[in-house]
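The values are calculated or read from the model by the stated rules, or taken from the named source; none is laboratory data. Here the structure is a predicted model, which is why all the values come from computation and not from measurement. For neighbour counting, all protein chains shown are included, and Cβ atoms are generated from backbone atoms with ideal geometry for every residue, glycine included.
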């Protein structure tokens with residue numbers, strides 16, 4: 001990973017960057033507002049409200065943001081012959097069966113707002129500019145499995161179902177595994193695709209945004225295990241009471 005330097009890139013706080021950051025705040029606001037609408041105020045603990053907001057924001061990020069990344073990986077391309085002279089991330093040979101004739105990814109999405117959003121993040125991790133096979137494979141599971149599961153967990157929480165704790169463990173495990181498999185290849189190859197040359201790239205894009213999907217899933221696991229353990233303890237107490245009668 002590149003070391004931090006005193007000189008900052010001129011596009012560090014351009015309009016696209018600001019809009020991209022605001023979009024994540026908008027997702028959190030929508031999740032919070034939804035929690036106010038669907039969760040009973042009198043009976044919903046602060047912990048469960050937080051976990052509802054997290055899982056809904058998680059789902060929206062998967063569907064909207066990462067879903068748009070997959071869209072550009074599969075449908076946005078420029079002919080390789082027209083890519084000469086442009087600093088584009090190469091597309092793996094025979095991706096989607098087209099040999100080496102096309103260059104895919106947000107880098108080929110032109111002025112599309114979501115393509116531009118991903119090109120902002122790609123300043124810190126250039127794999128997200130093109131069609132990296134490892135990233136695409138993980139994002140397919142993230143969008144089509146993790147996203148729906150997060151919505152289902154929100155539904156269970158809103159209904160007060162104890163099943164929520166079980167599925168939160170499943171989803172958290174998926175999120176943690178996905179994060180590890182995203183960055184482990186970089187750790188093993190010296191972080192050749194990562195740029196930590198300034199505070200924004202290093203601590204906001206690479207650390208903060210990614211560590212959210214480490215610490216909060218771990219918290220969800222801790223809460224869920226505690227909840228399930230408490231249920232077993234209650235059942236054991238009932239069994240002892242019945243045997244003592």
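When 89, 28 are checked against the criterion of being part of a helix (DSSP H, G or I) and either surrounded by fewer than 17 Cβ atoms within 10 Å (Cβ to Cβ) or modelled with pLDDT under 95 (or both), a single residue qualifies: 28. Selection of region 166-199 for residues being assigned to a helix (DSSP H, G or I), at pLDDT 95 or above and either touching a strand residue (DSSP E or B) at 6+ places or on another chain (Cβ under 8 Å) or within 26 Å of residue 12 (Cβ to Cβ) (or both) yields 179, 182, 183, 186, 187. Going through (1) touching a residue at least 24 places away in the same chain (Cβ under 8 Å); (2) out of contact with any helix residue (DSSP H, G or I) (no Cβ under 6 Å at 6 or more places or on another chain); (3) surrounded by fewer than 17 Cβ atoms within 10 Å (Cβ to Cβ) one by one, residue 176 falls short only on (2). Suppose the filter is in contact (Cβ under 8 Å) with a residue 12 or more places away in the chain, closer than 22 Å to residue 14 by Cβ, part of a helix (DSSP H, G or I) and touching a helix residue (DSSP H, G or I) at 6+ places or on another chain (Cβ under 7 Å); does residue 62 pass it? Spelling it out, it is not the case that residue 62 is in contact (Cβ under 8 Å) with a residue 12 or more places away in the chain, closer than 22 Å to residue 14 by Cβ, part of a helix (DSSP H, G or I) and touching a helix residue (DSSP H, G or I) at 6+ places or on another chain (Cβ under 7 Å). Which count do you get for residues in region 66-86 that are touching a helix residue (DSSP H, G or I) at 6+ places or on another chain (Cβ under 9 Å), part of a loop (DSSP other than H, G, I, E, B) and surrounded by fewer than 16 Cβ atoms within 10 Å (Cβ to Cβ)? Going through region 66-86 one residue at a time, the tally reaches 1. Annotation: residue 47 fulfils all but one of (1) touching a helix residue (DSSP H, G or I) at 6+ places or on another chain (Cβ under 8 Å); (2) without any contact (Cβ under 8 Å) to a residue 60 or more places away in the chain; the unmet one is (2). Just one of the listed residues (225, 238, 216) is farther than 27 Å from residue 107 by Cα, touching a residue at least 24 places away in the same chain (Cβ under 8 Å), in a helix (DSSP H, G or I) and more than 15 Å from the chain's Cα centre (by Cα), and it is 225.
The set of residues in region 94-146 that are surrounded by fewer than 21 Cβ atoms within 10 Å (Cβ to Cβ) and out of contact with any helix residue (DSSP H, G or I) (no Cβ under 8 Å at 6 or more places or on another chain) comprises 94, 97, 98, 99, 110, 111, 126, 137, 144.
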